[in-house]
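Visitor: Take a look at the following structure, please.
What follows draws every value from the coordinates through simple rules; no lab data is involved. The structure presented is a predicted model; accordingly, all values stated were derived computationally and were not measured. All Cβ positions, even for glycine, are placed from backbone atoms using ideal geometry, and neighbour counts span all protein chains on display.
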């Protein structure tokens, strides 16, 4: 971190941030200064802090399961008033529904085998119809024996067909060389034919 003439400058390292890698992989990240963001898998808050900078007039609801990581996240939230840390399991959105409300963007970076299901559960509860899901799929957290490409194909199919809501995948791209065996994707809730009319 560097301060120059009262302005803070920080490095956004794509090797430490899946969202940073997605930016370098030419994803159109739909964050605006007034966006409300649900961040699943906040860890110690490295990427959360960058999201906080972008959504300076919005809010970041940062869900993290690890109490150890939460200590750092709480310190970050003391300095950045638009970060709202939540100690919870991202797979149990009903446990934090009273704290969040409708969001414009869900960003998910969790290392659990049911990553697509977690994204769908949270989207069903919190994501606005016109909102976006940004997801970092970790192949080795889902299946250590299958090829990452097959894992990605299966998880994308689940997002498109297996859950409610169903998703339209707008872009999917592997995040190598920044993160091996990771797929970044951006999606929207699929609009049914009845809703189009």
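Visitor: So how do 159-171, 96-108, 114-126 stack up, highest first, on mean other-Cβ count within 10 Å?
Guide: The densest-packed peptide leads the list: 114-126, 96-108, 159-171.
Visitor: Still on this structure: To check you understand DSSP bridge types, tell me what percent of the beta bridges within the chain (both residues inside) are antiparallel, rounded to 5.
Guide: Just about 45 percent of them are antiparallel.
Visitor: Computed FRET efficiency, Cβ-Cβ of residue 154 and residue 89, R0 25 Å: what is it to the nearest 0.05?
Guide: Between residue 154 and residue 89 the formula returns 0.65.
Visitor: Taking the mean number of other Cβ atoms within 10 Å as a proxy for protection, how do you rank 8-14, 41-47, 151-157 from highest to lowest?
Guide: For the peptides 8-14, 41-47, 151-157, the packing ranking is 41-47, 151-157, 8-14.
Visitor: Can you give the relative contact order of region 51-129 as a percent, counting alpha carbon pairs under 8 Å and 6+ residues apart?
Guide: The normalised contact order for region 51-129 reaches 28 percent.
Visitor: Another question about this same structure. What relative contact order, as a whole-number percentage, does the chain give when Cα pairs under 8 Å and 6 or more residues apart are counted?
Guide: It rounds to 18 percent for the chain.
Visitor: Measure nothing fancy, just the Cα-based angle from helix 67-79's long axis to the longest principal axis of the chain, in degrees from 0 to 90, nearest 10.
Guide: Tilt of helix 67-79: around 60 degrees.
Visitor: Right, another one. In whole Å and largest first, what semi-axes does the C-alpha gyration tensor of region 10-122 yield when each eigenvalue is scaled by 5 and square-rooted?
Guide: The answer is 19, 16, 15 Å, longest axis first.
Visitor: Something else now. Sorted from largest down, give the three principal axis spans of the alpha carbons of the chain, whole angstrom values.
Guide: 52, 38, 31
Visitor: Report the label-to-label distance for residue 5 and residue 173 in nanometres (one decimal), using points 7 Å from each Cα along the Cα→Cβ vector.
Guide: In this crude label model, residue 5 to residue 173 measures out at 3.3 nm.
Visitor: Treat the count of other C-beta atoms within 10 Å as a stand-in for reagent exposure and order 70, 22 from fewest to most.
Guide: Ordered by Cβ neighbours within 10 Å, fewest first: 70, 22.
Visitor: In region 73-90, whose amide N lies under 16 Å from the spot 7 Å out along Cα-to-Cβ of residue 57? List them in ranges.
Guide: 82
Visitor: Taking other Cβ within 10 Å of each residue's Cβ, how do 149, 158, 138 sort, fewest first?
Guide: With the sparsest Cβ surroundings first, the list reads 149, 158, 138.
Visitor: Where does helix 115-126 land angle-wise versus the long Cα axis of the chain, in degrees 0 to 90, nearest 10?
Guide: Result, in degrees: 70.
Visitor: Please check which bits of region 157-186 a label hung off residue 24 would reach, taking the label as a point 7 Å along Cα-to-C-beta and the cut-off as backbone N under 20 Å.
Guide: Hits in region 157-186 for residue 24 at 20 Å: 172-186.
Visitor: So what is the orientation-averaged projected area of region 41-81, using the convex hull of its C-alpha atoms, in nm²?
Guide: That works out to 2.5 nm², a quarter of the Cα hull's surface.
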